[in-house]
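For reference, the structure is listed below as structure tokens.
The values are calculated or read from the model by the stated rules, or taken from the named source; none is laboratory data. Please read all numbers here as calculations on a predicted model, not as lab measurements. Every residue, glycine as well, gets a Cβ built from its backbone with ideal geometry; the counts of neighbours run over all protein chains shown.
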Ligand SMILES: O=C(O)CCC(=O)C(=O)O
Ligand SMILES: [Fe+2]
């Protein structure tokens, strides 16, 4: 097996913004990493508070409402306020890509029974966005879920339990498309309580204007 170069330099500790973020590799190829201490409790709560009045039923990449994704969500504008700017800066450092490659930060909210069925985050070859496709994802959990709501990678046997301030990272910019397809993942139905996540998707090329 040939080893491909990952976007993320693999370390057990990342020091960003005077924060110590620790990492645990869950899978090497495709690279899947769990991070601890990405956001503080206060940042998680502030994101939930800012997002909650702006939630809409989630749509898929082609903008249709579908049973694949039953959560509700919203996107923040780039650099929308100081909290968003600080979080975007930290997340793009952590994901080892320039902030210009970052989509707007998305917040999703799931109630009991709501889920995000197995999907890829990258766009298919016929999608208009595939020329500047997504290459990596960070899902930050903004609260603890009482029961359910785990993130799973069904083809890799990986199950990650949501915990406030932690995150799961994965990338899918491999030459070998089979590796990319192993990043199929789902947000399993919430059984009890609610689930809030913030998702950052990164593109292969710049998507934001430089400031
Ligand atoms: O909610 C989750 O656990 C997964 C979210 C997700 O897959 C996404 O936002 O693309
Ligand atoms: Fe996803």
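Of the candidates 101, 96, the single residue that is surrounded by fewer than 17 Cβ atoms within 10 Å (Cβ to Cβ), in contact (Cβ under 8 Å) with a residue 60 or more places away in the chain and more than 16 Å from ligand 2 (Cβ to nearest atom) is 96. Within the range 129-176, the residues that satisfy the criterion of being closer than 18 Å to residue 206 by Cα and more than 16 Å from the chain's Cα centre (by Cα) are 129, 130, 131, 132.
Name the residue that is nearest to ligand 1 (Cβ to nearest atom), counting only residues in the range 118-128 that are under 25 Å from residue 205 (Cβ atoms) and touching a residue at least 12 places away in the same chain (Cβ under 8 Å).
Here the residue is 121.
You will find that of 199, 183, the residue that is more than 28 Å from residue 49 (Cβ to Cβ) and within 14 Å of the chain's Cα centre (by Cα) is 183 and no other.
State whether the residues of the range 121-134 include one that is part of a strand (DSSP E or B) and buried (at least 16 other Cβ atoms within 10 Å of the Cβ). Checked against the condition, which is being part of a strand (DSSP E or B) and buried (at least 16 other Cβ atoms within 10 Å of the Cβ), the range 121-134 yields at least one hit. Only residues that are assigned to a loop (DSSP other than H, G, I, E, B), at positive phi and within 13 Å of ligand 1 (Cβ to nearest atom): list them for the range 135-166, please. Correct list: 149 only.
The criterion of at least 3 residues that are more than 30 Å from residue 175 (Cβ to Cβ) and either touching a strand residue (DSSP E or B) at 6+ places or on another chain (Cβ under 9 Å) or within 16 Å of ligand 1 (Cβ to nearest atom) (or both) is met, among strands (runs of 3 or more DSSP E) falling completely within the range 18-117, by 72-75, 106-110. On inspection, residue 160 passes the criterion of being surrounded by fewer than 21 Cβ atoms within 10 Å (Cβ to Cβ), at pLDDT 95 or above and within 13 Å of ligand 2 (Cβ to nearest atom). The set of residues in the range 167-181 being surrounded by 21 or more Cβ atoms within 10 Å (Cβ to Cβ) and outside any strand (DSSP E or B) consists of 172 alone.
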